[in-house]
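What follows is calculated from the coordinates using simple rules that are stated; it is not laboratory data. Please read these numbers as outputs of a predicted model, since none were measured by experiment. Positions of Cβ are backbone-derived with ideal geometry, glycine not excepted, and every protein chain shown enters the neighbour counts.
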Amino acid sequence: MKKAVAVMLASICVLCSAFALSSCEITGIISPVSSSVKVTNTYEVTLIYNNGDENDEITVEEGKTFATPGDPEKENYILEGWYTDKKLTKKYDFSKSVTDDLTLYAKYTLDAATVTNTISKDTMKSLVKVYSKNYNTTIFGAEKESKTSQGSGFCFYVQDGYYYVITNYHVVAEDLSYSKQSFTIEDYQGNVYTAYLYKNPNKAGSAISPEYDLACLYFKPSSTTNVKELTIASENPVIGDDVISLGAPNSQSNSVTYGKITEYRKITLDDTSEDLSNVTFEVIHHNAYIDHGSSGGPLLNSDLNVVGVNYAGASQTGEGYAIPAEKLIEFLNAYVYN
């Protein structure tokens, strides 16, 4: 009997050992099951609105697409689409799955129809033609001979019943081969006014300078005058900005052309002496068409504020050069403003 009991105890021990081994194997299987749970990656898509609004972020699961964001608004512009590069050359395909973090940039196109409508109804009221007449008279005071030049200009200030206009120096420069000079301004409606070169009593000289190729005239309005003043931008435009030129090329009235800022550089004028235009600083180069007669006209940004004063052009292409807004303000502080 003792042997039998011993055998039974041994069997029980074997069974217990088998059970222990079985328990270890079960424990070993549970761990891999928990680590095999699939983890879904997510990515951040950053939206750069390029319209002054705060940038936004959305989270997208890996391999998923996302809906085109709602069209952001930018004054005087239409959304063209979303791009993956800052230079706005690579348009994003919203049918593609997201596999990494992504930054998208909104690109807009100037709404020329809306802008032109606003200019026609309102902004054009600031544009004027400027005539400078140099002449001689007989001993009896009658006009004997004369020479008249025509350019463009714009109203930038109204005070105490007078309207103040910016134009170019070379448009109103005195021709010393004549004894007398007079100025005439014609507004966008064809009303004509006698104008005068402005002289601030607190400044050393009249408001005219070949170094800026700028001059300031003023005139007294009539009861029918509807001229308005333009706002001058506080900063220069940057390369690539949309711009609009207003002026009177080849005596055409109320011309509007569109273009972009292409660069800043110093230029030398082939057909104008330094006595008439001696600008030595970098000026705006743009491709909004101008021609003879556009000199003195405003160069506007998309907000229709003055960012430059057209003063020269390339006759073959119609591209223009303009005095930057910061230099215009510098001139006004030196000769006009107290």
Inset, instruction - Could you run the Debye sum over the Cα atoms of the range 42-110, one equal point scatterer each and no solvent, and tell me log10 of I(q)/I(0) at q = 0.16, 0.23, 0.25, 0.29 Å⁻¹, two decimals? - result: -0.52, -1.03, -1.18, -1.45
Inset, instruction - With r as the distance between the Cβ atoms of Glu75 and Lys147 and R0 = 35 Å, compute the FRET efficiency 1/(1 + (r/R0)^6) and round to 0.05. - result: 0.20
Legend entry - (i) 125; (ii) 233; (iii) 152, with the label sought being that of the calculated volume of the Cα convex hull per residue in Å³: (ii)
Inset, instruction - Calculate one ³J(HN,Hα) per residue across the range 216-230 by plugging θ = phi - 60° into the Karplus curve 6.51 cos²θ - 1.76 cosθ + 1.60, and present them in order as whole Hz with x for glycine and proline. - result: 10, 10, 9, 8, 9, x, 9, 5, 9, 5, 10, 6, 10, 9, 9
Legend entry - Residue-averaged 222 nm ellipticity for the chain, from DSSP H runs of 4+ at -39500 (n - 2.57), nearest 500: -5500 deg cm²/dmol
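For a protection proxy built on the mean count of beta-carbon atoms within 10 angstrom, sort 55-65, 76-86 highest first, please. Walk me through the numbers on the way to the answer.
On the way: 55-65: 12.5, 76-86: 15.5.
Answer by packing, highest mean first, reads 76-86, 55-65.
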Legend entry - At least 24 Å along the helix axis (C-alpha) and Kyte average at least 0.0, DSSP helices within the chain: 2-35
Legend entry - Estimated distance in nm for a label pair at Tyr178 and Thr59, the labels positioned 7 Å out from Cα along Cα-to-Cβ: 7.6 nm
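Between beta-carbons, use under 15 Å as the cut-off and find the net charge around Ser315, counting Lys and Arg +1, Asp and Glu -1.
Neighbour charge sum, excluding Ser315 itself: -4.
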Legend entry - Nitroxide proxy distance, nm - points 7 Å out along Cα→Cβ at Asn278 and Asp101: 5.7 nm
